[in-house]
Amino acid sequence: QVQLVESGGGLVQPGGSLRLSCATSGSIFRMNVMGWYRQAPGKQRDLVATLSRGGSENYADSVKGRFTISRDGAKNTVYLQMNSLKPEDTAVYYCNTDPPRTTDWGQGTQVTVSS
């Protein structure tokens with residue numbers, strides 16, 4: 001079990017931006033593909049972005065061009081920059097490895113996009 005601590009969520013108007021942060025351990029950060037997931041009310045948890053150890057980024061079609069995943073190795077932190085937010089982006093956002101470790105899910109951070 002590792003600690004994954006998400007932060008940075010909040011309420012934002014459509015078209016606005018947020019940056020989410022995920023603090024993790026150095027070993028997890030170095031040895032795994034990291035991902036951001038989200039779960040909207042009544043829906044399953046979906047993978048929205050991944051970042052490999054080599055820096056390769058992948059995005060779900062729904063967020064491509066609007067979200068950017070990045071990392072800071074010195075801080076063992078993964079970020080998700082979210083721009084041009086839409087109401088359908090409203091969800092609890094989680095970080096985890098890809099594939100996820102089921103015991104490592106944190107509480108997530110709530111993102112609400114509403115006017």
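The values are calculated or read from the model by the stated rules, or taken from the named source; none is laboratory data. Only a predicted model underlies this, so the values are computations on that prediction, with no experimental measurement involved. Methodologically, a virtual Cβ is constructed for each residue, glycine included, from the backbone with ideal geometry; neighbour enumeration extends over all protein chains shown. For the accessible areas, the whole protein counts, side chains as well, though only heavy atoms, and no ligand, DNA or RNA atoms are used. Shrake-Rupley method; radii C 1.70, N 1.55, O 1.52, S 1.80 Å.
Details
- Any pair with Cβ under 7 angstrom, 6 or more apart, that starts in segment 53-72 at a residue that is within 17 Å of TYR93 (Cα to Cα) and in contact (Cβ under 8 Å) with a residue 24 or more places away in the chain and ends at one that is open to solvent by 80 Å² or more (accessible area, probe 1.4 Å) and in a strand (DSSP E or B): ILE69/GLU57
- All conditions in (1) open to solvent by 30 Å² or more (accessible area, probe 1.4 Å); (2) part of a loop (DSSP other than H, G, I, E, B); (3) touching a strand residue (DSSP E or B) at 6+ places or on another chain (Cβ under 8 Å); (4) within 13 Å of VAL113 (Cβ to Cβ) hold for PRO100, with the sole exception of (4).
- Of the numbered criteria (1) of a type outside the set (Asp, Glu); (2) assigned to a loop (DSSP other than H, G, I, E, B); (3) open to solvent by 30 Å² or more (accessible area, probe 1.4 Å), the one ASN58 fails is (2).
- Unique match (being out of contact with any helix residue (DSSP H, G or I) (no Cβ under 6 Å at 6 or more places or on another chain) and under 16 Å from VAL12 (Cβ atoms)) among LEU51, LEU47, LEU80: LEU80
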